């Protein structure tokens, strides 16, 4: 009868392709930048830089990671403030989009596109998961 993999794949859907992973990555990064402090601590500035560099080394698409590292060599992360980090990220995203032949975003509209995430602690409760734990 064979393994159950085709049925499992059918139930779970398809794995993300390179474009989906890219869009999800940019969404995460822009959301982090929108929440980034206006006046970050030295530790927060270093954490943001470390996140960007780690992502470039661990990115699931090796080709994309290599290209992103080249972009970072030309344009290192600016993590001095929320505005600096958000603008830097927008410019880097546009640099990648130009290379891929995609539309670029007007960075002066950042605060409208990425206004910040509204969340509270209610979405973080894990007590009632599907296993009743």
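How high is the relative contact order of region 17-108, given as a whole-number percent (alpha carbon pairs under 8 Å, six or more residues apart)? Value for region 17-108: 31 percent. Here the ratio of the Cα radius of gyration of region 17-108 to 2.2 N^0.38 Å is 1.03. The distance between label points at residue 71 and residue 91 comes to 1.4 nm (points 7 Å beyond Cα on the Cα→Cβ vector).
Each reported figure results from applying straightforward, stated rules to the coordinates on display, with no laboratory input. Only a predicted model underlies this, so the values are computations on that prediction, with no experimental measurement involved. All Cβ positions, glycine included, derive from the backbone under ideal geometry; neighbour counts span all protein chains shown.
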